[in-house]
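The values are calculated or read from the model by the stated rules, or taken from the named source; none is laboratory data. The shown structure was predicted, so the numbers you read here are calculated from the model rather than taken from an experiment. Neighbour counts are summed over all protein chains in view; Cβ atoms, including those assigned to glycine, are modelled from backbone coordinates with ideal geometry. Just so you know, the surface numbers come from the protein's heavy atoms only, side chains and all, with ligands and any DNA or RNA stripped out. Shrake-Rupley method; radii C 1.70, N 1.55, O 1.52, S 1.80 Å.
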Amino acid sequence: MENESKVTYVTLSADNEELHSKLDAAIEKVRGRLGQTHPLFIGGKERPTQQTTDSFTPADTRVVVARVASATTEDVNDAVRAARAAFADWRSTPWQRRVELVDRAAVLIRESAHELSAWLMLEMGKNRIEALGEIEETADLYHYYAEQMRANGGFSREMGRLSPADTNTSVLRPYGVWAVIAPWNFPYALMGAPAAAALVAGNTVVMKPSSETPLSGVLLCDVFRRAGLPAGTVNLVTGSGRIAGDALALHPDVAGLTFTGSYDVGFEKLYRRFSRSYPKPCIVEMGGKNPAIVMDTADLDRAVTGVYRSAFGMGGQKCSACSRVYVHEKVARELVTRLVSAAQDARIGDPLERTTFLGPVGTRGGFDDYARFSSMARESGTVRTGGAAIGDGQLAHGFYVRPTVVTDLPRDHLLMKEELFLPIVCVQTVGSLDEALEQANDTRFGLTAGFFSGRQEEIDAFLDRIEAGVVYVNRAAGATTGAWPGVQPFGGWKGSGSTGKNIGGLYTVQCYLREQSRTLTK
Ligand code: NAD
């Protein structure tokens, strides 16, 4: 964070020539390695599989980025067994050594940041700055968790005494095998960071990346391996969610789980089923339906820029993306006009190009959703701009769509209630702050929210009443997006997250530990 050249999600205008030259070279290098086959990694050994899955680039679906192993239930069982076997040694490894190894992994990520970013752009479709930002964030998260262990002395604290003969200590200790299941939109940060937190805490890990971005898991696993993590402490099972993911999450020897992904899988399929014989920690970080509220005293330049960045940055495919705006009736017309104009000026193109703001939609499912949601918007509201895919010219083979602004939808319309995960923002007009807050909170989600106002009493009311884990006030850099570890801890309330503690914050590592109270009597 002290480093001035740091690329974060809010430095979207980075025009650093050196940075781009390094990325150009990295892109060239990884192009030469497209389509290679990658095995599983279990108990310190590579394991090829009979079945593989092709990971292609959403920018051009004819290009296979990697051919990745598909784990069977048997492979998953072996991975859990290997992690379990490695646990006793890893648990008793001094925490300072665990921290050193995870710190080393962070350094390795930084050293290969351009190459990892190039793979990320290719496999997931995010633009240069978003990709570099994610890789940098991943390294920062590793360092942050290592630092939390140091700052808390490994979480061992002397307690009070009832008798001079007693010594009482509170120690936080690991659980055992920790499963990490990640989404495709932040495949490095949201696989690497929970794994790093689990590892510094002394758990061993089995990682399952999204089947949309399996190469990310392979490359992260390789980093842990090069950092010197002992065999069995980090294992990788690539494959489908329904087979490998389900088998891993519900394995009886998995002691804890971190899942990041949709509400439907995270809550319905995993949280409700995870604990069978006794309660176990189940961290589920899920979606959002993040609102921005714009009052009549707002600085509209900031509001338009903030909403534009959060609604359309990375194609709205962030859990923190802004997909609803409640704007005061006095400034509604102007806000919509300016937002529409900004959307029409967005640079859409190949994510590998320097000037691209908006790359393709990351998945075929999302691309199909865009057509469906656009037609629903036309039926029930007014599409002010966008609402159409781009199916011609150089972009004809990718999942390219136009940023979309919708108004006049009924308040309880599906597009106002469900996470869209696309560059679509729905704007509603309100007459008061009370009305805006009531609408903003009327959702099962509670991840992020933004507020634009020139009145302190309104800001205070927003902060007091909004139901969300991450909130921003008057922020042009992103109305609802752009958190950074150690700066804005990130997590959701209600249907957006299970722990009430945020990622990259003061209480994250503790989520991977359980307390033991020790009394020793002389
Ligand atoms: P998803 O729920 O479809 O998949 C997430 C992961 O779960 C993938 O690895 C998938 O293979 C696996 N999976 C699927 N079915 C499974 C099953 N039955 N058992 C076990 N694992 C299974 O989500 P996605 O499309 O990859 O990611 C997008 C979602 O993630 C959005 O809802 C987004 O808001 C959310 N997200 C949340 C955060 C956060 O921090 N709260 C961050 C990023 C993304």
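Just give me the residues in the range 263-283 being surrounded by fewer than 18 Cβ atoms within 10 Å (Cβ to Cβ) and within 10 Å of the ligand (Cβ to nearest atom), in sequence order.
Answer for the range 263-283, where residues must be surrounded by fewer than 18 Cβ atoms within 10 Å (Cβ to Cβ) and within 10 Å of the ligand (Cβ to nearest atom): Asp264, Glu268, Arg273.
Test each condition in (1) within 12 Å of the ligand (Cβ to nearest atom); (2) of a type in the set (Val, Ile, Thr); (3) open to solvent by 40 Å² or more (accessible area, probe 1.4 Å) for Val487 and report the one that comes out false.
(1)
List the strands (runs of 3 or more DSSP E) inside the range 32-150, counting only whole elements, that have at least 3 residues being open to solvent by 10 Å² or more (accessible area, probe 1.4 Å) and not hydrophobic (A, V, I, L, M, F, W, C).
On the way: elements: 36-38, 40-42, 45-47, 52-57, 60-69.
Those strands (runs of 3 or more DSSP E) span 36-38, 45-47, 52-57, 60-69.
Looking only at residues that are of a type outside the set (Gly, Ala, Ser) and open to solvent by less than 50 Å² (accessible area, probe 1.4 Å) in the range 490-509, which one is farthest from the ligand (Cβ to nearest atom)? Before you say what the answer is, go through the steps one by one.
Initial filter on the range 490-509 (of a type outside the set (Gly, Ala, Ser)): 490, 493-494, 499, 501-503, 506-509.
Now narrow it down to the ones that are open to solvent by less than 50 Å² (accessible area, probe 1.4 Å): 490, 499, 502-503, 508-509.
Details: Phe490: 6, Thr499: 11, Asn502: 9, Ile503: 6, Thr508: 12, Val509: 17 Å.
For the range 490-509, the residue satisfying everything is Val509.
Any residue in the range 359-372 that's more than 11 Å from Phe421 (Cβ to Cβ): show its pairings with residues that are part of a helix (DSSP H, G or I) and more than 14 Å from the ligand (Cβ to nearest atom) at Cβ separation under 9 Å, as long as the two are six or more apart or on different chains.
What qualifies is Gly359/Met121; Pro360/Leu395.
Going through the range 170-190 one residue at a time, which ones are surrounded by 24 or more Cβ atoms within 10 Å (Cβ to Cβ) and near the ligand (Cβ under 6 Å from one of its atoms)? Reasoning before the result, please.
Taking the range 170-190 and keeping what is surrounded by 24 or more Cβ atoms within 10 Å (Cβ to Cβ), we get 177-183, 185-190.
Once the filter is applied, which keeps residues that are surrounded by 24 or more Cβ atoms within 10 Å (Cβ to Cβ) and near the ligand (Cβ under 6 Å from one of its atoms), the range 170-190 yields Ile181, Ala182, Pro183, Asn185, Phe186, Leu190.
Which of the residues belonging to the range 441-484 are on the phi > 0 side of the Ramachandran plot and open to solvent by 10 Å² or more (accessible area, probe 1.4 Å)?
Residues of the range 441-484 that are on the phi > 0 side of the Ramachandran plot, as a first pass: 474, 478, 482.
Passing the criteria: Asn474, Gly482.
From the list Asn203, Asn235, exactly one residue is touching a Pro at 6+ places or on another chain (Cβ under 9 Å) and assigned by TED's automatic domain parsing to the domain that holds Ala105. Which is it?
Just a single option satisfies the conditions, and that option is Asn203.
Give the residue that is farthest from the chain's Cα centre (by Cα), with candidates limited to residues of the range 1-52 that are among the β-branched types (Val, Ile, Thr) and modelled with pLDDT of 95 or more. Show your work before the answer.
So in the range 1-52, the residues among the β-branched types (Val, Ile, Thr) come out as 7-8, 10-11, 27, 30, 37, 42, 49, 52.
Those still in the list that are modelled with pLDDT of 95 or more too: 27, 30, 37, 42, 49, 52.
Details: Ile27: 23, Val30: 24, Thr37: 26, Ile42: 25, Thr49: 28, Thr52: 25 Å.
Filtering the range 1-52 for residues that are among the β-branched types (Val, Ile, Thr) and modelled with pLDDT of 95 or more, the one farthest from the chain's Cα centre (by Cα) comes out as Thr49.
Given the structure, is Val218 among the β-branched types (Val, Ile, Thr), open to solvent by less than 40 Å² (accessible area, probe 1.4 Å), within 16 Å of the ligand (Cβ to nearest atom) and in a helix (DSSP H, G or I)? Can you show your working first?
On the way: among the β-branched types (Val, Ile, Thr): yes; open to solvent by less than 40 Å² (accessible area, probe 1.4 Å): yes; within 16 Å of the ligand (Cβ to nearest atom): yes; in a helix (DSSP H, G or I): yes.
Here the answer is yes, as Val218 does meet what is asked.
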